[in-house]
Amino acid sequence: MAYEHAERHIQALQLAKSCVEHGARMKTVAYLTGLSASLLREYFYNDRAATGGRWPSSQDWYHMATLVQRAEASLIASIFQFLRTEHACSARKAMVCAYKMYRERWSGRSSISFDRAFELIASVEGIWTQHSAQLALHTCARCRCRYLIALGDTSADYSGCVFCKLVKRYATDSRIQSSFAGKPDLSLAVKQN
């Protein structure tokens, strides 16, 4: 019994270390790992400056985000879901791995912080800080990419998903072109059959 408790504690500390390395705030790490704020402060945040600004707790952010940010959010959610279903990862481990994979695929120009990704996944899964799901992954009927929608909203089936819109606007929008200068790997956004 003591060995199992120690093993769970060590795994939680390893997960916390990974979160901190990705820039997570202490509040996010506490939710994700279940470790106390005092323990996290002692081990990880004692010599770090506090992250400024408000904690990104609103799922409304996604609906007000730019097209590129919505594509990035959809990529994070797609990777997360792939890890959960295809590799049977726990939600905690899948969250950290999905964020790491997203950062690797987005060529270092990512605009979504670890804390924002955490809240995004919480809104998709209805876990951690959310009591129920607010967002869902949907497969585009045109391009077969998976993208985030408000729960039950399928209006993009007629107008195209965020990825269809990115492709359509790429040639004429310099902001989108600069966001994709490194040509990110979006293969995990496409539904695996």
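The values are calculated or read from the model by the stated rules, or taken from the named source; none is laboratory data. Just so we're clear, the structure is a prediction, and the values are computed from it rather than from any experiment. Virtual Cβ from ideal backbone geometry, glycine too; neighbours counted across all protein chains shown. For accessibility, only protein heavy atoms count, side chains too; no ligands or nucleic acids. Shrake-Rupley method; radii C 1.70, N 1.55, O 1.52, S 1.80 Å.
Taking into account only those residues within the range 126-159 that are over 18 Å from W61 (Cβ atoms) and in contact (Cβ under 8 Å) with a residue 60 or more places away in the chain, which is least open to solvent (accessible area, probe 1.4 Å)?
C145
For the structure I just gave you, tell me whether S38 is among the hydroxyl-bearing types (S, T, Y), open to solvent by 60 Å² or more (accessible area, probe 1.4 Å) and modelled with pLDDT under 95.
Considered against the rule, which asks whether it is among the hydroxyl-bearing types (S, T, Y), open to solvent by 60 Å² or more (accessible area, probe 1.4 Å) and modelled with pLDDT under 95, S38 comes out as yes.
Could you pull out every one of the helices (runs of 4 or more DSSP H) wholly within the range 90-190 that has 2 or more residues that are modelled with pLDDT of 85 or more?
91-105, 114-125, 162-169
Just give me the residues in the range 59-88 being without any contact (Cβ under 8 Å) to a residue 40 or more places away in the chain and over 21 Å from G23 (Cβ atoms), in sequence order.
D60, M64, R84, T85, H87, A88
Within the range 99-134, which residues are of a type outside the set (F, W, Y), under 15 Å from I79 (Cβ atoms) and in contact with a Leu (Cβ under 8 Å, 6 or more places away or on another chain)?
Selection gives M101, R105, I112, L120, V124.
Evaluate the range 55-75: report whether one residue or more is farther than 29 Å from D173 by Cα, modelled with pLDDT under 85 and open to solvent by 30 Å² or more (accessible area, probe 1.4 Å).
Yes, there is a match, as at least one residue in the range 55-75 is farther than 29 Å from D173 by Cα, modelled with pLDDT under 85 and open to solvent by 30 Å² or more (accessible area, probe 1.4 Å).
Does at least one position in the range 8-24 carry a residue that is touching a Leu at 6+ places or on another chain (Cβ under 7 Å), modelled with pLDDT of 90 or more and β-branched (V, I, T)?
no
Every residue in the range 16-29 that is open to solvent by less than 30 Å² (accessible area, probe 1.4 Å) and in a helix (DSSP H, G or I), please.
Within the range 16-29, A16, C19, V20, T28, V29 meet the criteria.
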